[in-house]
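Input: a single structure, listed below in structure tokens.
Since every read-out is calculated from the coordinates, none of them should be taken as a lab result. Owing to the predicted nature of the structure, the values given are computational and were not obtained by experimental measurement. We place every Cβ from the backbone using ideal geometry, glycine too, and count neighbours over all the protein chains shown.
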Amino acid sequence: MTTDITAAAGALGIRREKRDWKGWAFVGPFMVVFALVFLTPLAYALYLSFFQEKLIGGNAFVGFDNYVRALTDPQFWEAFGRVLLFLVVQVPIMLALALGAALALDSARLRGASFFRILIFLPYAVPAVVAVLMWGYIYGDQFGLAGNVNDLLGFDGITPFAKEWMLVSIGNIVTWEFVGYNMLIFYSSLKTIPTDMYEAASLDGAGAWRTIFSIKIPSVRGALVIATIFSIIGSFQLFNEPNILRPLAPNVITTYFTPNMYAYNLSFAGQQFNYAATIAIIMGVITAVIAYVVQLRGSKSEVR
């Protein structure tokens, strides 16, 4: 049957097109790097999570024992609860500030919008380590700005490194760093809104606030979903800020202050590579699930 079809196609002058592999010549280098720096480490971490270093016998297969241990580990859940609280409080504040800044910059009433856009974005251009060190000096109650203010007041009124204020202090640093980045995402989305919509709203008698809530904010919903997903991933990956501030507040920032710090210290300080890989895999799955749910809900809202 196949031979008859081929013969008939040949008789009619129809030639089978050969698959063109030229596209892979362009995509191939990226796929190789992607496999080496992403897929391979991920597969190796997954492999390590099913093993455990034994005193007798060396590295032995233990199945899901590491996962059971992690899911019943109070230090892991304390770290996870801390970053979850950080996410719930800090991310909405940061995105609200970024959206407000973008709306202000997009307003025709603001003079010098280019200057303020650069000014708001500038903190994102500062390397993260430098930013944390700078804020660490400001927070220092013995040597920094906070200490100078306390000396002026005559009592310890500002204690950024206190246990009850540490998460707020870190949240302030992260917000300062990334408001400008998210502002640029929202501002770029606002610039894609057709001017016809503004003209129609003006003819209908819509004021500035009505235009914001009926045109601008609905138009940046996609950008808001993207920024939220990025912020969720960043919150669960919280590491640089507490790790750099730890020498300044060693009694407050523990080795398991965040899940990433916990995995890092398990691996490099405790030599528990298998358990550290398990923590990383669990956090990766949790982050992916939450990010997917946010994306799904955002997509449904756009359809409506």
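For the pair Phe230 and Phe34, label points projected 7 Å from Cα toward Cβ lie 2.0 nm apart.
Determine by what factor the alpha-carbon radius of gyration of the chain differs from 2.2 N^0.38 Å, reporting the quotient.
1.37
Applying 1/(1 + (r/R0)^6) with r as the Cβ-Cβ distance of Phe121 and Ala96 and R0 = 22 angstrom yields a FRET efficiency of 0.80.
Where a ≥ b ≥ c are the square roots of the eigenvalues of the C-alpha gyration tensor, would you call region 236-304 rounded, which needs a/c under 1.5, or, failing that, prolate if a/b is larger than b/c, or oblate? In terms of gyration-tensor shape, oblate.
Of the peptides 25-32, 171-178, the order by per-residue mean of other Cβ atoms within 10 Å, starting with the highest, comes out as 171-178, 25-32. Treating each Cα of region 167-207 as an identical point scatterer and summing with the Debye formula, the log10 of I(q)/I(0) at q = 0.19, 0.33 Å⁻¹ comes to -0.66, -0.97. Taking only the C-alpha atoms of region 67-174, Rg followed by Dmax gives 18.5, 58 Å. Take every pair of alpha-carbon atoms less than 8 Å apart whose residues are at least six positions apart; their mean separation over the length of region 147-304 yields a relative contact order of 21 percent.
Over region 53-158, Cα pairs under 8 Å with separation of 6+ residues give a relative contact order of 7 percent.
Normalised size of region 24-77, defined as Cα radius of gyration per 2.2 N^0.38 Å with N residues, equals 1.66. Just need log10 I(q)/I(0) for region 168-304 at q = 0.22 Å⁻¹, Debye formula, equal scatterers on the alpha-carbon atoms, no solvent, rounded to two decimals. Those come out to -1.29, one per q. Taking N as the residue count of region 186-239, its C-alpha radius of gyration divided by 2.2 N^0.38 Å amounts to 1.48. Counting 0.36 nm for each residue step from Glu78 to Ala269 and taking away their Cα separation leaves a gain of 66.8 nm. Simple spin-label estimate for Ala201 and Ala113 gives 1.3 nm between the two label positions (7 Å along the Cα-to-Cβ direction from each Cα).
Once the Cβ-Cβ distance of Asn59 and Asn251 is raised to the sixth power relative to R0 = 25 Å, the FRET efficiency obtained is 0.10. The Leu296 and Val149 beta-carbon pair, evaluated with R₀ = 51 Å, returns a calculated FRET efficiency of approximately 0.65.
Taken as Cα centroids, region 245-267 and region 163-200 sit 28 Å apart, rounded to the nearest whole angstrom. Taking a span of 24 Å or more along the helix axis (Cα atoms) and a mean Kyte-Doolittle hydropathy of at least -1.0 as the rule, the DSSP H helices of the chain that qualify are 74-106, 166-190, 273-303. Summary value for the chain: 25 percent relative contact order, contacts being C-alpha pairs under 8 angstrom separated by 6+ residues.
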